[in-house]
Each structure stands twice: as C-alpha cells, then as structure tokens.
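Heads up: the structure comes next, in structure tokens.
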Amino acid sequence: MPYTPVTSGLYTTVENTSGVDKVFGFLGLHGKRLAANETFTVPGDLVATLGGQRGQRKFKALESALTGGDLRIISSPAVYLKSTTDDTTAELALHGRVLGTVDPGWDPAGTGTSDWVQNDD
C-alpha cells in the first residue's frame, strides 16, 4: 500500500486541565473557550510563536495557565534532524520513555512505517 504523507508533526495541541470551561485568551486570534478536558490544536509551535511576539502578555498568560495547572501541552511540532553521513532526515520520537527516531510523517520518500529506532550508537 502506498505511503500517504501526514503533517501532524507541524502542530501544537493543548488540553484544558482546569476541570471547568475556561477561556484562554492566548489561543486563536481572540481567545478560545475550551470545555473541561477539551483539546485545541494550532499550527506551528505555540510557545515559540507567543514568545516571539513583541508584547509578552500572551506568553505570560500561557506560562500562568501551565504553572497553574489549567492547561497542558500534549504535543508540539516535531524535531527533525538531518544526518551528516547519509543525507537522510529523521524525526525525534519517544517509545515509552526512551528517545529514538522515526521517519518524518511528511516525507513521501520515507518508509511510511514510522518504525521507532533507538539511536545509541
């Protein structure tokens, strides 16, 4: 079966862990109301986007939501590394709590299996 590239590694997903419906003013253009345990996905790296803005109000609000237990980051964009020996690109991945690599999900030349490899050599 042919491999269908995916771009899920390009997004940040957060979850409302406050236990109640809550508005997070730093999500979306004008804030986003999330129900308890609801997730929300934004393109790109949310932390880097908010941290790179001129004003720090939205970044500080994110920081406060995280440290206050109202929000958790479930996933952020993947980290891609290029090999200096064979010109391939790998995506960092966890298997259990062990760090390894998989083929990038967006790579049509990849195997499409995303077989995890422990890279300790």
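Quick look at the values:
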{"quantity": "Check on A48, of a type in the set (G, A, S) and within 16 Å of the chain's Cα centre (by Cα)", "calculated": "yes"}
{"quantity": "The lone exception for L50 - which of (1) of a type outside the set (F, W, Y); (2) free of Cβ contacts under 8 Å to residues at least 40 places away in the same chain; (3) crowded, with 16+ Cβ neighbours inside 10 Å; (4) assigned to a loop (DSSP other than H, G, I, E, B) it fails", "calculated": "(4)"}
{"quantity": "Positions within the stretch 54-102 being under 19 Å from T39 (Cα atoms), touching a strand residue (DSSP E or B) at 6+ places or on another chain (Cβ under 7 Å) and not aliphatic (A, V, I, L, M), in sequence order", "calculated": "D70, R72, S75, S76, P77"}
{"quantity": "Yes/no for L62 being buried (at least 16 other Cβ atoms within 10 Å of the Cβ) and more than 26 Å from W106 (Cα to Cα)", "calculated": "yes"}
{"quantity": "Subset of the stretch 53-106 [assigned to a loop (DSSP other than H, G, I, E, B) and either under 16 Å from S8 (Cα atoms) or of a type in the set (V, I, T) (or both)]", "calculated": "S76, P77, A78, V79, T84, T85, T88, D103, P104, G105, W106"}
{"quantity": "Residues of the stretch 53-99 classified as under 22 Å from V23 (Cα atoms) and either out of contact with any Lys or Arg (no Cβ under 7 Å at 6 or more places or on another chain) or among the aliphatic types (A, V, I, L, M) (or both), total", "calculated": "22"}
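Residues are listed down the side, and each one gets a yes or a no for (1) outside the structural domain of P104 (by TED's automatic domain parsing); (2) more than 18 Å from the chain's Cα centre (by Cα); (3) under 27 Å from P104 (Cβ atoms):
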{"site": "G19", "(1), (2), (3)": "yes, yes, no"}
{"site": "V23", "(1), (2), (3)": "yes, yes, no"}
{"site": "L27", "(1), (2), (3)": "yes, no, yes"}
{"site": "R33", "(1), (2), (3)": "yes, yes, no"}
{"site": "A36", "(1), (2), (3)": "yes, yes, no"}
{"site": "R54", "(1), (2), (3)": "yes, yes, no"}
{"site": "G68", "(1), (2), (3)": "yes, yes, no"}
{"site": "S83", "(1), (2), (3)": "no, yes, yes"}
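The values are calculated or read from the model by the stated rules, or taken from the named source; none is laboratory data. Everything numeric here is computed off the predicted structure, so don't read it as measured data. Backbone-built Cβ (ideal geometry, glycine too); neighbour counts: all protein chains shown.
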